[in-house]
1. Kindly check whether there is at least one residue in segment 317-335 that is farther than 30 Å from residue 132 by Cβ, touching a Lys or Arg at 6+ places or on another chain (Cβ under 9 Å) and crowded, with 19+ Cβ neighbours inside 10 Å.
2. Mind listing just one residue for me: the one in segment 92-111 that is within 13 Å of residue 384 (Cα to Cα) and touching a residue at least 60 places away in the same chain (Cβ under 8 Å) and, of those, surrounded by the most Cβ atoms within 10 Å (Cβ to Cβ)?
3. For segment 313-346, what are the residues that are under 18 Å from the mean Cα position of the chain (by Cα) and either hydroxyl-bearing (Ser, Thr, Tyr) or not assigned by TED's automatic domain parsing to the domain that holds residue 206 (or both)?
4. Quick check: anything in segment 383-399 over 25 Å from residue 193 (Cα atoms), part of a helix (DSSP H, G or I) and in contact with a helix residue (DSSP H, G or I) (Cβ under 7 Å, 6 or more places away or on another chain)?
5. Please enumerate the residues belonging to segment 240-251 that are farther than 10 Å from residue 324 by Cα and part of a loop (DSSP other than H, G, I, E, B).
6. Residue 137 passes all but one of (1) surrounded by fewer than 16 Cβ atoms within 10 Å (Cβ to Cβ); (2) modelled with pLDDT of 95 or more; (3) closer than 27 Å to residue 406 by Cβ; (4) among the hydrophobic types (A, V, I, L, M, F, W, C); which number fails?
7. Name the one entry in 454, 441 that is surrounded by fewer than 24 Cβ atoms within 10 Å (Cβ to Cβ), in the same structural domain as residue 280 (by TED's automatic domain parsing) and out of contact with any helix residue (DSSP H, G or I) (no Cβ under 9 Å at 6 or more places or on another chain).
8. For the condition among the charged types (D, E, K, R) and at pLDDT 95 or above, what is the one hit in 331, 367?
Amino acid sequence: MNMNTNPERNMMKRQTLILLIVLAMIAAACGGGDDDAATETTSGGDTPATTSDGGDTPATTGDGGGDAEVTLDLARFFGDCDEATQGVTDVSQATTECEVVQILTNAFNEADNGITIDKLGGQAWDSYYTQLSTTFASGNPPNVAVMHSHRLPDFAGRDLLLNLDDELSGAGIDFSDYTSPAQDGAKFEDSIYAVPWDIHGSLWHMNVDIFTEAGLVDGDGNPIIPTSVDELIEQAQTIQDTTGKQYFSQDWFEFGVGARLFLGLVAQQGGSITDDSGAATVNTPEGQEAVRLMNELAAQFSDPDQGYTDSQAAFLNGDLAVLHNGTWVVDQYSREAPFEYMTTSIPSIYGGDGAWGDSHMWVLPADSNEDPAIRAASLEFVKFLYDNIDAWARGTGHLANRTSILTGGALDDAPQRNNYANAAEIAVFVPAVPNWAGAWDALAEELNATWVADKDPATALADAEARMNEELGR
């Protein structure tokens, strides 16, 4: 972060920052992972991405806040694809999360806006937040950083992020255009601290050929979606009896994917995994029913020895009718599945809607944006990303979170998008409370133990609630 007036001093600061990041990466290798492993696993674009104005290269606005060149430090994950994207500014060439965000950054840098974006370390999801915390501790945070919604309270709650209540309108960002889940995910204690970029969440991925063989398709040849628990179980039994194929799978034990389905099933029953104060409340009638159903699926219609990779392989090999996974694989499956593939939002089987969701968002650390010119430049870059949410959604499979994009037809020709467009509205985010990552890990571990190690579900839920509240300081 600097106005380029003292190159020698800037070089010393950058060398210090790089050293701190390397040390953080070494420390992170000895620690635990984040709960979004599957989210960052893979994604790809079957249909080339487009820019918000329909052109080959996205356009930027503004003058960068002054005549002097401003260099901004950007912290992000999504992987490292510098070699594949070097010199590329046409976002329609992108096929992965990494390529989309890097090509957009390239295009911004190529534009005559007086701003240059330098990407810092932090390409790996599992060490990113450790690295980011180290930059804050060192007094050298980036100017712009990506952040999951569930991580926002840990940073905003320590006054590390810029309050954006009075910043967005002047930057040309219409916060009211975001869907309600996206707006809620960007706030902490009723103030805005982030600019949302997507909603990513759980989907129901289906092998249409298996449904057709079992006679479970409608007049248009689409799989029949169950609307109750009884219909779901009946459908699972029919498919296994008539085709000999496995009905359902997910990552049962690696990355907490089961906890995501649990959250959605609880929400469909009108329940919540926390109360109004933010305390964990998973040992409830809704929680007990959700874990009962999931254990029935695991025991009779799935293989709980399947983790993330094995469940994906079973699906793509054509051996599985339904896979619970996320938005980030839609384009990959559309491209690679050797069968007719279809995805939808998580079926509503308890009367209400609900499915796990999270959001990738952009935040501005407070200390590194104190200078008005730097803050203006940071907001200009974030505005550019806001303007290209449709390109990000098209190139990744994630959900656009702006109503104008969802209803404007910009993504109508993207693979499968109409089948799960409502997922942006029914998404259920985890609570915006500090220390949530540890609480979520505790929930996932206890749930996994019920279908992997035969732990009594009632005991597991009671243990989960106690462990979660201990993590939350309740």
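1. Filtering segment 317-335 down to residues farther than 30 Å from residue 132 by Cβ leaves 317-323, 333-335.
Imposing the further condition that a residue be touching a Lys or Arg at 6+ places or on another chain (Cβ under 9 Å) reduces the set to 318-321.
Of the ones still in play, those that are also crowded, with 19+ Cβ neighbours inside 10 Å are 320-321.
Looking for residues that are farther than 30 Å from residue 132 by Cβ, touching a Lys or Arg at 6+ places or on another chain (Cβ under 9 Å) and crowded, with 19+ Cβ neighbours inside 10 Å, one finds at least one in segment 317-335, hence yes.
2. 101
3. If the condition is that a residue be under 18 Å from the mean Cα position of the chain (by Cα) and either hydroxyl-bearing (Ser, Thr, Tyr) or not assigned by TED's automatic domain parsing to the domain that holds residue 206 (or both), then 327, 333, 343, 344, 345 are the ones that fit.
4. Yes - at least one qualifying residue is present in segment 383-399.
5. To start, the set of residues in segment 240-251 that are farther than 10 Å from residue 324 by Cα comprises 240-247.
Listed by number, the residues that qualify are 244, 245.
6. Single failed check for residue 137: (3).
7. On the way: 441 fails: out of contact with any helix residue (DSSP H, G or I) (no Cβ under 9 Å at 6 or more places or on another chain).
Only one candidate passes the filter, namely 454.
8. Working: 331 fails: at pLDDT 95 or above.
Going through 331, 367 in turn, the sole match is 367.
The values are calculated or read from the model by the stated rules, or taken from the named source; none is laboratory data. Keep in mind that what you see is a predicted model, and the values were worked out from it rather than measured. Every residue, glycine among them, receives a Cβ derived from its backbone with ideal geometry; neighbour counts consider all protein chains shown.
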